[in-house]
Structure formats: C-alpha cells, structure tokens
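The values are calculated or read from the model by the stated rules, or taken from the named source; none is laboratory data. Source: prediction; values computed, not measured. No Cβ is skipped: glycine too gets one built from the backbone with ideal geometry, and neighbour counts run over all protein chains shown.
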Amino acid sequence: MKFTIVAAFIGLFASMTETAQAQSSPTLSKIRERGYIICGTSPGVAGFSIQDGAGRWNGFDIDICRALAVTIFNDQDKAKFVPLSSKDRLIALQAGEIDVLPRTTTWTLSRNAGQGVTFTAVNYYDGQGFMVSKKLGVDSAAKLGGASICVAQGTTSELNMADYFRKLGQKYEPAAFGTSEEALKAYESGRCDAYTTDISALAAVKLKLADPDTYVILPEVISKEPLGPWVRSGDDGWFNIVRWTVAALVNAEELGVTKANVQEMVKSANPEIKRFLGQDGKLGEAMGLTNDWVVRIVSTVGNYGESFERYLGSESRLQLKRGPNALWTNGGLQYSPPFR
C-alpha cells in the first residue's frame, strides 16, 4: 500500500512539473503576451509559402504556422509571416526576430549543433536536383561536367553540388547568388547552364519561367534533404509544442481524422482516437495547451495528407507525388510517434 501511494505521488509530481515547465516556456509566454506568433518563411515558393492576390500567405509550410496559431489562440489569423532568404533565416531565428522557422530548411548536424537552433520534426522529405534547358541536350546530371551552375548562397545545395562533382571527378563552375530569386533570374537570363536546389523547389520555380515546357528537371537526386520547422535551443516547452503539432497532422491522417469528419470523430469509441482528440486523458494540458488542441488544428487546416494534396499534390499546380512523404503504411517515411 505504501509503495502504491508513493508511486502515485511521484507520478502526480512528475505530471505537475511537466505542465509547469510547458506553461513557463519563455517563447510561448512571449507569444501569448504579444497576441500573435511570428513565423519565418520562404519568400514566395509555390506550394510551400506564397502570397495570393490579396496578400494572404498560403502553402504547406504556412499551414504549420497556422496550426500553431490555432493551437495557442484558436485563431489561424493570429500569425505574422516574415519572408527570409536562405542566408538570413537561421540568424533571424537565433536573434529572436521570429518564434519559429517553418521554412524549407534542411536538418543537418552542423546547423543543429552549432547555431543555437534546434530542428523539431520532418514535415517534408526532399532531395537536391538540377534543372536545365532542353536545348542543352543533357539528360543526366552526370553529364554536367564543365557546366556553370547557378545556386543560392547559404544553402546545403552548395556543399552537395561540390561533393557530387568531386565524387564524379568532374570540374564545374559554381555561380552563387545571395538569394534563390537572384540565382533563378541569373539562370533564366543565360548566366548559367543549369540551376540547382531541392527538387520540390525546382518544380515550383519551373512554373515561374517564361516557357516552363522548354526546361527539364534531371532524374538524379543527389542528396537527402529532410525539411521542417526550427526553433531556438533551450526552450523545451516550445520545442515540444512545435514537434507535436507536426506529429498531430501526420497522426490525424494515420487515424483517418479529416477536416470534414473531425467533429464526428470526437464521438469515437476507439481509445486511440479518444486520447488523440482530447476526450480521454490530459495530453494537451501536459504541454500547457487545452486538451482539444488537435481538434482545433484539424478543423482548421485538415490533416497532413489534406495539406499536402492542397498545396503540393493532386490539387496543386505542382502535381508532386507523395513518394517518401507517404505514410509509413503506404511505403513512405511519414510516421507519427504515439499520442499516449
């Protein structure tokens, strides 16, 4: 009996401590005091983050920020978006100019270990490729030896490209520019023979070109580019909120919880769904949130698959396949840790 009482006390104390730590998150407190969340984003990348004619931001990464705004304020519009270049994005996060960076930014050891920032979760598995004009007559990246290649500074693409041609024993002419936009303009003007970046970004920028059908994305994928939101190091409470918000979108798809049916799914007798949607247990409170936080997220932006298809897949101009971003049950890599 004494053991049972002590064990129960220890469990209660641990739970109270975890909740207190989440509620005392300096980032979360600052966001609540300010009244909105500030998200760093890509400066106009179709599918991921782009403004419409009315100036409203939309995209796959934008949905992450809107989900966080709903998590905290139950209002997706309490989010401000700051477009950042590749070379400035992590600096802005480290300096506290933004709260979170849900922008196409690759998870690497050097970034995670040495810049005061921390990666939270993969929301898109990508890889680097090359785009060329069909007039160049090249059907493989391995045939780009001696070519001039436009690339954005401050990206993993520079290092990946150098490694790729070094392994092939070929020389090439790198042409690095301050931003992706500058690199693309230089390429389109004929400054370079090829343009390189993540394949999803190549599909997006190809749509910007004057005659997209005259360009081709070469078949080689020369790197691994796990992308997802970043936060500043040292705030575990905020890190957990961002990580589990991404996981919630994936888990909702795994469980078949959609924007259309989430209110009905709240009534489910399935114990896994009941926990996930806050009808059993206090998983939300453990992070300083309300227990219905997942319901509010899915009601607003839908699940991971819905967001993907809307901005990147079948409902978008990009028409990207799920590939490694399919659920693990469908042969992909997307996989949510358990909500328990």
Check Leu227 against each of (1) out of contact with any Leu (no Cβ under 8 Å at 6 or more places or on another chain); (2) surrounded by fewer than 19 Cβ atoms within 10 Å (Cβ to Cβ); (3) in contact (Cβ under 8 Å) with a residue 12 or more places away in the chain and name the one condition it does not meet. (2)
Among the residues of segment 215-232, which ones are farther than 25 Å from Ile297 by Cα and not in a strand (DSSP E or B)? Leu218, Pro219, Glu220, Val221, Ile222, Ser223, Lys224
Candidate set from segment 20-52 (those that are surrounded by fewer than 18 Cβ atoms within 10 Å (Cβ to Cβ) and under 14 Å from Phe239 (Cα atoms)); member that is modelled with the lowest pLDDT: Gln21
What about Leu320, is it in the same structural domain as Gly256 (by TED's automatic domain parsing), of a type in the set (A, V, I, L, M, F, W, C) and in contact with a helix residue (DSSP H, G or I) (Cβ under 7 Å, 6 or more places away or on another chain)? yes
Would you please list the contacts, defined by Cβ atoms under 8 Å and residues six or more apart or on different chains, that run from a residue in segment 129-145 that is touching a residue at least 12 places away in the same chain (Cβ under 8 Å) and within 10 Å of Ile217 (Cα to Cα) to a residue that is of a type in the set (D, E, K, R) and surrounded by 18 or more Cβ atoms within 10 Å (Cβ to Cβ)? Gly129/Asp198; Met131/Lys206; Val132/Asp193
Could you check segment 142-156 and list, in sequence order, the residues that are among the polar types (S, T, N, Q) and modelled with pLDDT of 95 or more? Ser148
Taking the condition modelled with pLDDT of 95 or more, part of a helix (DSSP H, G or I) and not charged (D, E, K, R), does Leu68 pass? yes
Flag if Glu253 is surrounded by fewer than 21 Cβ atoms within 10 Å (Cβ to Cβ) and over 26 Å from Ser29 (Cβ atoms): no
What is the one condition in (1) within 30 Å of Ala141 (Cα to Cα); (2) without any contact (Cβ under 8 Å) to a residue 24 or more places away in the chain that Ala113 does not satisfy? (1)
Given the criteria surrounded by fewer than 22 Cβ atoms within 10 Å (Cβ to Cβ) and touching a helix residue (DSSP H, G or I) at 6+ places or on another chain (Cβ under 8 Å), does Pro212 qualify? yes
Restricting attention to segment 286-305, does a residue exist that is of a type outside the set (A, V, I, L, M) and more than 24 Å from Ile38 (Cα to Cα)? yes
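Considering only residues of segment 296-331 that are part of a loop (DSSP other than H, G, I, E, B) and in contact with an Asp or Glu (Cβ under 9 Å, 6 or more places away or on another chain), which is nearest to Asn74 (Cα to Cα)?
Once the filter is applied, the top-ranked residue is Gly302.
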Just to be sure I understand, how many residues within segment 123-157 are assigned to a loop (DSSP other than H, G, I, E, B) and surrounded by fewer than 21 Cβ atoms within 10 Å (Cβ to Cβ)? 10
Scanning segment 164-193 for residues that are buried (at least 23 other Cβ atoms within 10 Å of the Cβ) and under 17 Å from Val138 (Cβ atoms) gives Tyr187
Being assigned to a loop (DSSP other than H, G, I, E, B), within 22 Å of Ser299 (Cα to Cα) and in contact with a Gly (Cβ under 7 Å, 6 or more places away or on another chain), is that true of even one residue in segment 53-60? yes
So the check is Cβ under 6 Å with 6+ separation or different chains; which pairs have a first residue in segment 79-92 that's crowded, with 16+ Cβ neighbours inside 10 Å and a second one that's part of a helix (DSSP H, G or I) and not β-branched (Val, Ile, Thr)? Ala79/Cys65; Ala79/Arg66; Ala79/Ala69; Leu84/Ala92
So, of the residues in segment 261-279 that are basic (Lys, Arg) and under 19 Å from Leu289 (Cα atoms), which turns out to be surrounded by the fewest Cβ atoms within 10 Å (Cβ to Cβ)? Lys274
